[in-house]
Amino acid sequence: MYRKIQNTFGIEAQADRVLEYRTEAELRTFVSVLAGETVLHVGAGSNLLFTRDFKGVVLHSGIRLVMPVHEDAEHVWVKAGAGITWDDFVAYTIARGWSGAENLSLIPGEVGASAVQNIGAYGVEAKDLIEWVDCISLTDGSSRRFVVGECQYGYRTSIFKTDLKGQYAVTYVTYRLSKQFVPRLEYGNLSSLLAEKPGLTAADVRRTIIDIRREKLPDPKVLGNAGSFFMNPVVSRQKFEDLWALYPQMPHYDVEHGVKIPAGWLIEQCGWKGRSLGPAGVYEKQALILVNHGGATGADILRLCHSIQHDVAERFDILIQPEVNVL
Ligand code: EPU
């Protein structure tokens, strides 16, 4: 029986059973057979930190169908199975000349998680592309479609992580992609890298994003990690003004309810970049990423997380929160 829980941190964790289903019907059967058992539905494990074995059944989607379901003059609607590797989906859309997802190239994880986590990078979030999310209830096996407005999307969050946490499995996500390429180059140095390029295509943007990510972010196959470990905190305008008076070089972005400060910068200021605590460490090129240098347990990573939170809170009076799900 398969018991090992896959996770990109490379942490040893086992469940009582790990089950993968291939169709919605198979998932419904699992739901009825597993009634009363503790169930955890996972994706690729690129956003999970296990601090102990899981006493229960882990479910994983093997639904990997992808198909265009509708189109008009400007857009195409593509329905994708939750178990498809996210970047394979991006590659599929770009290869067909459909744009919109290129800025999200190379984000680890699967299609299902894109809708749960509202993955984001380089000025684009999954919610900008999602039209509806098809789910099956883990309680009674019933189907439910959530249109994007019902998903309560916010920065790295959705109704599937909050009010309905653990209640539904995403089976398919339908995205609306563009037939006409409209570049989104507002983030960081993307425009200086690309804007001058005549005849710029979505494939060019994808290639550049892949290069940037490969340069800055560790490959989980080589060095265990779960991408950004913390979320970027949003502080009040007053709090920001107070900090800015002290740190005029502090990067920041205006957002709806205040000012977002990069947690990577806060952590680096506290001297944590590249430092380790036992086998757990802070990545040398991006302080937002915690890494497993080899043999780290979930508890080792969590200890590092708490030390960083403590130091950032003490120096800046900001409590940074994990983006990663700690189990
Ligand atoms: N910074 C530092 N030191 C660091 C890291 C960053 O000073 O060690 C500063 C940078 O100089 C820059 C700012 O922080 O001024 C922002 O850095 P970066 O562009 O690298 O982005 P980020 O805010 O650290 C977020 C996402 C990433 C996403 C990038 C690009 C979160 C939690 N993380 O990181 O997403 O790829 O923007 O859009 O929002 C992920 O979620 O797993 C992830 C990798």
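Do we have Thr8 as in contact with a helix residue (DSSP H, G or I) (Cβ under 7 Å, 6 or more places away or on another chain), in contact (Cβ under 8 Å) with a residue 40 or more places away in the chain, closer than 29 Å to Arg303 by Cβ and not aromatic (Phe, Trp, Tyr) here? Against the criterion (in contact with a helix residue (DSSP H, G or I) (Cβ under 7 Å, 6 or more places away or on another chain), in contact (Cβ under 8 Å) with a residue 40 or more places away in the chain, closer than 29 Å to Arg303 by Cβ and not aromatic (Phe, Trp, Tyr)), Thr8 does not qualify. Within the stretch 136-160, residues that are under 16 Å from Thr171 (Cα atoms) sit with their Cβ atoms under 8 Å from residues that are among the acidic types (Asp, Glu) and surrounded by fewer than 16 Cβ atoms within 10 Å (Cβ to Cβ), at 6+ positions apart or across chains, in these pairs: Ile159/Glu150. Assess whether Val69 counts as being closer than 30 Å to Val205 by Cα, among the β-branched types (Val, Ile, Thr) and surrounded by fewer than 14 Cβ atoms within 10 Å (Cβ to Cβ). Yes: the conditions hold for Val69. Among the strands (runs of 3 or more DSSP E) confined to the stretch 163-261, the ones with at least 3 residues that are out of contact with any helix residue (DSSP H, G or I) (no Cβ under 6 Å at 6 or more places or on another chain) are located at 168-178, 224-228, 253-255. Selection of the stretch 280-327 for residues being within 14 Å of the ligand (Cβ to nearest atom), in a strand (DSSP E or B) and in contact (Cβ under 8 Å) with a residue 24 or more places away in the chain yields Val282, Ile289, Leu290, Val291, Pro322, Asn325. For the stretch 190-208, the count of residues that are within 13 Å of the ligand (Cβ to nearest atom), without any contact (Cβ under 8 Å) to a residue 60 or more places away in the chain and among the β-branched types (Val, Ile, Thr) is nonzero. May I ask you to list the residues in the stretch 267-279 that are in a strand (DSSP E or B) and either away from the ligand (no atom under 16 Å from the Cβ) or β-branched (Val, Ile, Thr) (or both)? Matches in the stretch 267-279: Leu277 only. Residues that are over 30 Å from Glu26 (Cβ atoms) and charged (D, E, K, R) were ranked within the stretch 161-199; the one that is modelled with the lowest pLDDT is Glu196.
Among the conditions (1) under 27 Å from Phe229 (Cβ atoms); (2) free of Cβ contacts under 8 Å to residues at least 40 places away in the same chain; (3) not β-branched (Val, Ile, Thr), Ala82 misses just one, which is (2). When restricted to residues that are in a helix (DSSP H, G or I) and polar (S, T, N, Q), the stretch 106-124 contains 2.
The values are calculated or read from the model by the stated rules, or taken from the named source; none is laboratory data. Treat the numbers as computed from the prediction; the structure is a model and nothing was measured. Glycine gets a Cβ as well: all are built from the backbone with ideal geometry, and neighbour counts include every protein chain shown.
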